[in-house]
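Worksheet: the structure to be examined is printed underneath.
The values are calculated or read from the model by the stated rules, or taken from the named source; none is laboratory data. No experiment lies behind these values; they were computed from the predicted model shown. Heads up, the Cβs are rebuilt from the backbone with ideal geometry, glycines too, and the neighbour counts pull from every protein chain shown.
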Amino acid sequence: MSPSIALRRNAVAGLVLVLLALPGLSLAEEPVPATEPDLAAIERTVAAQHDASLQRLKDWIALPSIAAEDLNVREGAEYMARLAREAGFQQVEIIDTDGKPGVFATLDAGAEKTVGLYFMYDVKQYDPAEWSSPPLESRLVDRPGLGKVLMGRGAVNQKGPQAAFLGALHAIRDSGQALPVNLVLVAEGEEEIGSPHIGQLVYRPEVEAALRDTVGVFMPYASQDADGNVTIALGAKGVIELELVASGETWGRGPKKDVHSSYKAMVDSPAWRLVKALDTLVSDDGNTITIDGYPQAPPISAEHRVMVAAATQVRDEDKAKQQLGVEHWIDDLSWRKANERLVSQPTVNIEGLVAGYTGPGGKTVLPGRAVAKMDLRLVPGMKKDDAIAALKAHLEKRGYGDIEVNVSGGYDGTQTDAGAPLIQAQRAVLERRGIQPLLWPRNAGSYPGFVFTDPPLNLAAGHFGLGHGGGAHAPDEYFLIESANPAVAGYDGAVMSYVEYLYELGK
C-alpha cells in the first residue's frame, strides 16, 4: 500500500471513531459493501456500455504515439492521463524522464489489497499502404473463422486489452459495486523502443513506494489463441535494440560518401566490412551466438521443460508453421524441442540492413555507410550490460573496433514463480470458467517487467486477460470484438475477465 493511500485510510478510520462517539450515530447507518459482488449487474453494465467502451478504444487508436518518430509524445501521455482519470483514478501525474514522459496514477478504493498495473501508450510505426484497412480508422471488419474484429495500429498491442481493462473499471463503478482492490498504474511511452527510461519512472520515490506493497503488477493482455487456448506466461526474455554502423569516415578507409561503383576496383567498401563483421557474431548457419565472452544462458529447468512438453501437446504445430510461413524449425527440431529452444536460448537477430540505394531498379554506387538494425534477446539470468560489453569487446578483438555500436534501448529478462498469488488468481479465474490454462516458462518476446521482479521491488509480474488479437507490429493488426467461436472471448468477454480477476485478487 502506498504511503498516500495509507495516510488517507488512517484519517478515515480516525474520523469513523469520532463519529461513533456522537449520540445516536452508528456505523450501521453507512452503506456497507456486499461481501460478494453482483457480477450479473456488472455484466449488464458492460453490455450497456459496449458502444461507449468501444468508442473509447477507437478514439485512442486515432491518436498514435510513436516513440521512434517522436510523434504525439506529450499528447499520448496526456490522453493516457485523461483515460485514467475517467476510469476513477483520483491521483494522476505525468512524469517527465530524459526521454518520453510516463504516467503514474493511484486509485484508492479503501480495499485491503493493492494491485499494480503496467500500461504502454505508445505503438509501433506503420505504413498505410501495407494495410487493407486504414490503420487509424478502427474499422470493424469480418475475419473468417474469428468473427468481427477491430483493425488498427495498437488494436491488440496494447490499446485493445488496456481499453477493455478500463472498461471493467467503468462497469464496476457504474453498476454500484465496490472495487475490491486499490490500484497503482504505471504507463510508459517508450516500450516500443526498448524502454530506455523505464527506471526513471518506476524508481521515482513516490512511484516505487506505491508499488512496494502491491501483490504484484500485471499488464492487460489478449491471451487466447484462435482456438480459445489460454497461456499464462511466467516471464519474458530481455532485449537489446541497437545499430551497428560501418562508415568510411570512422573506418578511415572506403568513401566518406556514396561514390560510383566502378571505384570498387580500387576503394574499400564499408558495406562489405559490415557484412564481414556481422558474420563473426554467429555460427555459419546463423543460429548459434559466437560473440567472445558473451554471457551464457542458464539451462532450462526441469519444471519449465515439463511446461513446454504439456503445452506442445495442445498447440497445433502445423497451424503454427502456417501462421509463421515456415516449413522447418532450426536444425529440423521436433515441435517440443523447437519450443524448448524458443524459451531457453538467446538470439542475435538482424532486423534490417540499410546501405546505398534500395529503390526501384539499379543504381551503381559504392555506399559510404552501412547500417545493421539488430535486436538481441536475453534469457533471464543474462544481463544487458554484460551482453553489450561483450559485443563491443568482440568487435574490437576481431579488428572491427571502428564499427559503431549505437544502443537505443533494452533491459534484462523477467521471471515470476508459478506459485505467486498474482498467477494463482489467474488460474482460479480461468478454471472457474472451465478453461485449463497452459503454463509457459516465458514469452520469447519482451517487456520491461524486470523493473518489477528484480530488486529493489522483487514483485510478481505477468500478463492477464481473455480475448484474442493478432498482427502486432505488422499490417492489419486486429483485436476481436464479436467472436464467432464461443470458446474465444469477444470485447465484452475480455472486459468481464478483468472484472473477475480484480475480485479474485481482492480475496
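Summary of values
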{"item": "Pick from region 415-438, criterion free of Cβ contacts under 8 Å to residues at least 12 places away in the same chain and polar (S, T, N, Q), ranking: surrounded by the most Cβ atoms within 10 Å (Cβ to Cβ)", "result": "Gln424"}
{"item": "Counted residues, region 297-331 - those being among the polar types (S, T, N, Q) and closer than 15 Å to Ala444 by Cβ", "result": "2"}
{"item": "Selected residue (only one of Phe104, Phe89 is in contact with a helix residue (DSSP H, G or I) (Cβ under 6 Å, 6 or more places away or on another chain), buried (at least 17 other Cβ atoms within 10 Å of the Cβ) and either without any contact (Cβ under 8 Å) to a residue 40 or more places away in the chain or not hydroxyl-bearing (Ser, Thr, Tyr) (or both))", "result": "Phe104"}
{"item": "Tally, over region 300-330, of residues that are exposed (fewer than 11 other Cβ atoms within 10 Å of the Cβ), more than 24 Å from the chain's Cα centre (by Cα) and either among the aromatic types (Phe, Trp, Tyr) or not in a loop (DSSP other than H, G, I, E, B) (or both)", "result": "3"}
{"item": "Elements of type strands (runs of 3 or more DSSP E) contained in region 210-258, each with 1 or more residues being among the hydroxyl-bearing types (Ser, Thr, Tyr)", "result": "231-233, 238-247"}
{"item": "Within region 69-86, tally of residues that are assigned to a loop (DSSP other than H, G, I, E, B) and buried (at least 17 other Cβ atoms within 10 Å of the Cβ)", "result": "1"}
{"item": "Any chance Val245 is buried (at least 17 other Cβ atoms within 10 Å of the Cβ), of a type in the set (Val, Ile, Thr) and assigned by TED's automatic domain parsing to the domain that holds Trp440", "result": "no"}
{"item": "Residue selected from region 55-68 under the condition in a helix (DSSP H, G or I) and under 19 Å from the mean Cα position of the chain (by Cα), by the criterion farthest from Gly176 (Cα to Cα)", "result": "Ala68"}
{"item": "Unique residue being more than 25 Å from Leu391 (Cα to Cα) and either in contact with a Phe, Trp or Tyr (Cβ under 7 Å, 6 or more places away or on another chain) or at pLDDT below 95 (or both) when the list is Ala320, Ala302, Ala265", "result": "Ala320"}
{"item": "Looking only at region 399-439, and only at residues there that are in a strand (DSSP E or B) and touching a Gly at 6+ places or on another chain (Cβ under 9 Å), the one that is nearest to Leu278 (Cα to Cα)", "result": "Val407"}
{"item": "Complete set of residues in region 113-143 that are assigned to a loop (DSSP other than H, G, I, E, B) and over 23 Å from Gly465 (Cα atoms)", "result": "Gln125, Tyr126, Asp127, Trp131, Ser132, Ser133, Pro134, Pro135, Leu136, Glu137"}
{"item": "Matching residues in region 349-395 - criterion: being assigned to a strand (DSSP E or B), under 26 Å from the mean Cα position of the chain (by Cα) and surrounded by 15 or more Cβ atoms within 10 Å (Cβ to Cβ)", "result": "Leu353, Ala372, Lys373, Met374, Asp375, Leu376, Arg377, Leu378, Pro380, Met382"}
{"item": "Residues (of a type in the set (Gly, Ala, Ser) and either out of contact with any Pro (no Cβ under 9 Å at 6 or more places or on another chain) or surrounded by 22 or more Cβ atoms within 10 Å (Cβ to Cβ) (or both)) located in region 217-232", "result": "Ala222, Ser223, Ala226"}
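Residue-by-condition table, conditions (1) among the aromatic types (Phe, Trp, Tyr); (2) out of contact with any strand residue (DSSP E or B) (no Cβ under 6 Å at 6 or more places or on another chain); (3) at pLDDT below 95; (4) not assigned by TED's automatic domain parsing to the domain that holds Ile61:
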site	(1), (2), (3), (4)
Gly160	no, no, no, no
Leu166	no, yes, no, no
Ala171	no, yes, no, no
Pro180	no, yes, no, no
Val184	no, no, no, no
Glu188	no, no, no, no
Tyr203	yes, yes, no, no
Glu208	no, yes, no, no
